[in-house]
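Read the structure below first, then the notes.
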Amino acid sequence: MRALRFARALLWLCLAGAVAAPAQAAGDGLDRALERVVAARGLEPLEMPPLVPSPKFRLGQMLFFDPILSGTRDVACATCHLLGRGTSDGVDLSVGVDAAGLAEERRPLGSPRVHPRNSMDLWNRGHASVRNMFWDGRVSVVDAPVSRFQTPMMDDLPDGIESVLAAQALFPLAGEEEMLGLAHDRSAPDLPGGHGDRPNEIALAAAGLGEDEPEFFVAVHDALMRRLLGQAGTPLADWQIAYRRLIGAAFPDTPLGAVTMGDLANAVGHFQALAFVTRDTPWDRYLAGDKGAIGRAAKEGALLFYGKGRCAACHSGPLLSDFQFHSLAVPQIGPGIDVPDDDRDDQSGDDRGRYEATRIPRHLYRFRTPPLRNVTLTAPYFHSGAVASLEEAIALHLSPPEPSPYESKAEAERRASFSRTLRRGVALSEDERASLLAFLEALEDDQEENRALIVPDSVPSGLPVPALDAPR
């Protein structure tokens, strides 16, 4: 009996080995194929700075999470860039000032003011490969003749801006639908700490100036500095004293009177560059030599990504973006961006992407290639948030849109702009699409384990901190 059990066990082991051997061989074959791809493309694990808080980090963190920077004191940077929504906000188009709630629960308090574009994620935006910001790249690095930043502020950009990420931080502050609001707005009456039912002196300071004029941004920034630091002859609030101390600790060699909004933007950029980093993804562990860090499906997906799927034609580099501008003829929802100097009849509800920043015809409907690290956490997708799932986003890449007899002129132009790189179409089976999705999941590292270092319990103003208790 004992001998029979031994024989059965031996037979089971032999059969299991016979099944495991081909599977192991197939796995080894995938690894060898990936090794060739990795070598040919020079792929390496992403190296990013450690999360070590400093006084400058602390100041940037407070400014990022404090609604005091918005005209009506109800919107912080973090309102539309929630850690629990992958540093986006989980909705197609963001709702900024004069609203309450977060993510899917955010609702206007007065007249609806919807931002015309989807809130972009912030992962790894401090990396050296990041050359531009926003969907249309209107804030960018220019290398010649000397390295500088090209922005809507032109020559009025504050001196000493340290990074394109810091330069970007200056502009949502002056967006009427984002953080600025309108001159006649007042803060909600139930805000704590004496912040309720207050006038929007930030928007009032820029009243009468064109929103695209550099002077408009300067007026907004100067008014924000007066709000944060107080004015001579006026008693300081406790939270203003707290900000003075934070600024003094962050910039000990700069007199308080010499601190500019550019310095505060540098602090916000520094915080984001350290806080929102993908430090430990399965794909990076695989690139570091751990062959078991990702499964068979993800390996097959990686081969598709860098091969047949042609994804890496645009999603290249360490962040899986070329930071160039391409069109996928993404459906337009929401108000879009008005183009008052254009004579078309059907401009309402349209967004022509990079063209809005350059006015170069070949840039029509092109938007910046999104980096893909943590892309699984940032739905919905594309500039208009028109695509709810990553599966749908993949499908949109695979075939150009078909013409319709009912399409408007804008829709026809958008369809005609579809990327030449992908115009032939890419035929992927359902299994291949699933493998591609598995590879994108291997790029995920949501940093929830660092939440305590990233999300503060309170901010100097005493206003509510915009943060979700837990991810979805």
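The values are calculated or read from the model by the stated rules, or taken from the named source; none is laboratory data. Predicted model only: the values in this text are computed from it and were never measured. Cβ placement follows ideal geometry from the backbone for every residue including glycine, while neighbour counts extend to all protein chains displayed. All accessible areas refer to the heavy atoms of the entire protein, side chains included, with ligands and DNA or RNA removed. Shrake-Rupley method; radii C 1.70, N 1.55, O 1.52, S 1.80 Å.
Please work out if GLY334 is touching a Leu at 6+ places or on another chain (Cβ under 8 Å), small (Gly, Ala, Ser) and open to solvent by less than 30 Å² (accessible area, probe 1.4 Å).
no
Can you pull out every residue in region 268-294 that is farther than 30 Å from PHE171 by Cα and of a type in the set (S, T, N, Q)?
THR281 - this is the single residue of region 268-294 that is farther than 30 Å from PHE171 by Cα and of a type in the set (S, T, N, Q).
As an exercise: evaluate LEU173 against (1) part of a loop (DSSP other than H, G, I, E, B); (2) under 30 Å from ASN132 (Cβ atoms) and give the number of the one condition it does not meet.
Against the list (1) part of a loop (DSSP other than H, G, I, E, B); (2) under 30 Å from ASN132 (Cβ atoms), LEU173 comes up short only on (1).
Applying the selection to region 389-410, what residues are touching a residue at least 40 places away in the same chain (Cβ under 8 Å) and more than 17 Å from GLY309 (Cβ to Cβ)?
Correct list: PRO401, SER408, LYS409, ALA410.
Looking at (1) modelled with pLDDT under 95; (2) among the charged types (D, E, K, R); (3) within 22 Å of ALA39 (Cβ to Cβ), which is the one condition that is false for ARG279?
(3)
Residue pairs, Cβ under 8 Å, 6 or more apart or interchain, first in region 98-110 and under 11 Å from VAL75 (Cβ atoms), second open to solvent by 50 Å² or more (accessible area, probe 1.4 Å) and outside any strand (DSSP E or B). List them.
Every condition considered, the pairs that remain are ASP98/LEU109; ASP98/SER111; ALA99/LEU109; ALA100/LEU109.
Condition check: open to solvent by 20 Å² or more (accessible area, probe 1.4 Å) and touching an Asp or Glu at 6+ places or on another chain (Cβ under 8 Å). Does LEU364 satisfy that?
So LEU364 fits the description; yes.
Filter region 183-194 for residues that are assigned to a loop (DSSP other than H, G, I, E, B), surrounded by fewer than 21 Cβ atoms within 10 Å (Cβ to Cβ), touching a residue at least 60 places away in the same chain (Cβ under 8 Å) and on the phi < 0 side of the Ramachandran plot and give the result.
ALA188, LEU191, PRO192, listed by residue number.
How about region 413-450: which of its residues are of a type outside the set (S, T, N, Q), open to solvent by less than 30 Å² (accessible area, probe 1.4 Å) and either modelled with pLDDT under 90 or farther than 30 Å from GLN272 by Cα (or both)?
ARG414, PHE418, LEU422, GLY425, VAL426, LEU428
Let me confirm something: among ALA249, ALA297, which residue is aliphatic (A, V, I, L, M), open to solvent by 50 Å² or more (accessible area, probe 1.4 Å) and not in a loop (DSSP other than H, G, I, E, B)?
Only one candidate passes the filter, namely ALA249.
Considering only residues that are open to solvent by less than 60 Å² (accessible area, probe 1.4 Å), assigned to a loop (DSSP other than H, G, I, E, B) and more than 22 Å from ALA78 (Cα to Cα), which ones fall in region 252-270?
Residues satisfying the conditions are THR254, VAL259.
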